[in-house]
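Reading through the structure tokens given below for one structure.
The values are calculated or read from the model by the stated rules, or taken from the named source; none is laboratory data. Here the structure is a predicted model, which means the values were calculated and not measured. Cβ placement follows ideal geometry from the backbone for every residue including glycine, while neighbour counts extend to all protein chains displayed.
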Amino acid sequence: MKPLAIFGGTFDPIHIGHLSVAWEAAELLDAEVRLMPASVPPHRSPPTASAEQRVGMLRAALCGQSRLTLDTRELNRHGPSYTIDTLYEFRRELGDRPLVLLLGADAFAGLRSWHRWRDLFDVTHIGMINRPGVDACMPVELERTVAPRRTEDLNVIRGQPAGRVIELMVTPLEVSATRIRELLAEGRDPRYLLPAGLFDDPALLAPYRGALMH
Ligand code: ATP
């Protein structure tokens, strides 16, 4: 069965790093990938752009293709959105269909700070995406938990609903939203680090222009 893959993040703003790795992950897994913006990220300072503004940018970025789609369910919830709760919701909807949570290497390395992180493996696989330029040192306890779950075989992912970890080797792109926010706040124009659709409407990038940096 074709897996459903979930790629969560703040997307403040969505950039070509997100899009390219999500696209390549979709190809490698032969999956539909849903980009899922977080409302109140439990471990982060608040985003510069509002939820509505981030959704506007995502819509503009995803226009014209159907492999990467948008899922705004976490924005419709009140209070902090824990990934584990969302994934249980997906699991109820999907039956036995494989579910893959896509995480950049930096996000994966920080997994132990997530609410009920060990329970994630009951409901989802994890697809770890390589990411250059970030300090993604794997804590020993995490590596120990994950080691027996690792597989390099995509058929294993397709053949069971949850429980395994696979490394997805995608084209490395050293792009981050932090850097893009800095450039925009300085009045620079990082045109080719962002999807073209974000320049069609000047209102989309307005929250970052001249903004105080987070
Ligand atoms: P910020 O700089 O604000 O922390 P970010 O660029 O890391 O933002 P997020 O929205 O926080 O973007 O990331 C969402 C997910 O995308 C995370 O799993 C992150 O690891 C992954 N990700 C972001 N940029 C890249 C990239 N260039 N390569 C691989 N994974 C990435």
Quiz item: Mind checking which pairs have a first residue in segment 87-110 that is farther than 12 Å from ARG131 by Cβ and a second that is at pLDDT 95 or above and of a type in the set (Lys, Arg), Cβ under 7 Å, 6 or more apart or different chains?
Solution: PRO98/ARG158; LEU99/ARG91
Self-check item: Options SER39, SER45, SER20, SER81: the member that is part of a helix (DSSP H, G or I), of a type in the set (Ser, Thr, Tyr) and within 15 Å of the ligand (Cβ to nearest atom)
Solution: SER20
Exercise. Taking the residues in segment 144-158 that are among the basic types (Lys, Arg) and within 22 Å of the chain's Cα centre (by Cα) as candidates, determine which candidate is farthest from PHE121 (Cα to Cα).
Key: ARG158
Self-check item: Lone unmet requirement of (1) acidic (Asp, Glu); (2) more than 15 Å from ILE14 (Cα to Cα); (3) at pLDDT below 95 for GLU167
Solution: (3)
Self-check item: Subset tally (residues that are modelled with pLDDT under 95, surrounded by 14 or more Cβ atoms within 10 Å (Cβ to Cβ) and polar (S, T, N, Q)) for segment 97-129
Solution: 0
Exercise. Within segment 84-98, track down each residue that is more than 16 Å from the ligand (Cβ to nearest atom) and either within 17 Å of LEU35 (Cβ to Cβ) or not basic (Lys, Arg) (or both).
Key: ASP85, TYR88, GLU89, PHE90, GLU93, LEU94, GLY95, ASP96, PRO98
Quiz item: Applying the selection to segment 102-117, what residues are touching a helix residue (DSSP H, G or I) at 6+ places or on another chain (Cβ under 7 Å) and within 17 Å of ASP85 (Cβ to Cβ)?
Solution: LEU111, TRP114, HIS115, ARG116, TRP117
Self-check item: Selection from segment 155-214 of residues that are basic (Lys, Arg) and out of contact with any helix residue (DSSP H, G or I) (no Cβ under 7 Å at 6 or more places or on another chain)
Solution: ARG158, ARG179, ARG188
